[in-house]
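The structure under discussion appears below in the form of structure tokens.
The values are calculated or read from the model by the stated rules, or taken from the named source; none is laboratory data. Remember, it's a predicted structure, so these values are computed and weren't measured experimentally. Positions of Cβ are generated from backbone atoms using ideal geometry, with glycine treated the same way; all protein chains shown enter the neighbour counts.
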Amino acid sequence: MAHHAEETTVTVLPPDKERIKKLWQVAGILGIITLIEFAVAFLVPHELKDVRVWTFILMTIVKAAYIVGEFMHLRHETKVLMWSILVPIVFIVWMLVAFVYEGMAIGDVRL
């Protein structure tokens, strides 16, 4: 019996410079948002705790929306698909806020 070895061919594609540029742009934007979060964490006085908390919440929502838009390609989809994803998320966030608020109210009653 003869042993037949098949040679595999490897095709090397040149790097897609536009995609690489877009990835660096996305990384830069996310890095800037993260730097703003660090600045808020270390520069906003402790007396303005509510401002810090709401800034973190807002920046987290902005980062999440940007990540979903870019990496999950939601930004490039039709508006109906985008709204069918965003509207339930708004209701879920509203539900979580309501649960936290009610939980805090129950905690205040027990004390």
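Only one residue in Glu6, Glu37 is outside the structural domain of Phe71 (by TED's automatic domain parsing), out of contact with any Lys or Arg (no Cβ under 6 Å at 6 or more places or on another chain) and acidic (Asp, Glu), so which one is that?
Details: Glu37 fails: outside the structural domain of Phe71 (by TED's automatic domain parsing).
Every option except Glu6 fails the conditions.
Looking for something among the hydroxyl-bearing types (Ser, Thr, Tyr) and modelled with pLDDT of 80 or more - is there at least one such residue anywhere in region 70-82?
Checked region 70-82: no residue is among the hydroxyl-bearing types (Ser, Thr, Tyr) and modelled with pLDDT of 80 or more.
Quick check, is Phe71 among the aromatic types (Phe, Trp, Tyr) and either surrounded by fewer than 10 Cβ atoms within 10 Å (Cβ to Cβ) or over 20 Å from the mean Cα position of the chain (by Cα) (or both)? It would help to see each step written out before you state the result.
Details: among the aromatic types (Phe, Trp, Tyr): yes; either surrounded by fewer than 10 Cβ atoms within 10 Å (Cβ to Cβ) or over 20 Å from the mean Cα position of the chain (by Cα) (or both): no.
Against the criterion (among the aromatic types (Phe, Trp, Tyr) and either surrounded by fewer than 10 Cβ atoms within 10 Å (Cβ to Cβ) or over 20 Å from the mean Cα position of the chain (by Cα) (or both)), Phe71 does not qualify.
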Checklist outcome for this item: From the option list Arg52, Arg19, single residue qualifying as in a helix (DSSP H, G or I), farther than 26 Å from Trp94 by Cβ and not β-branched (Val, Ile, Thr) is Arg19
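Take Leu13 and tell me if it is without any contact (Cβ under 8 Å) to a residue 12 or more places away in the chain and in a helix (DSSP H, G or I). So that I can check it myself, show each step before the final result.
On the way: without any contact (Cβ under 8 Å) to a residue 12 or more places away in the chain: yes; in a helix (DSSP H, G or I): no.
Criteria not met by Leu13.
Can you pull out every residue in region 37-50 that is closer than 26 Å to Phe71 by Cβ and more than 15 Å from the chain's Cα centre (by Cα)? Write out each step before concluding.
Residues of region 37-50 closer than 26 Å to Phe71 by Cβ: 37-41.
Within region 37-50, Phe38, Ala39, Val40, Ala41 meet the criteria.
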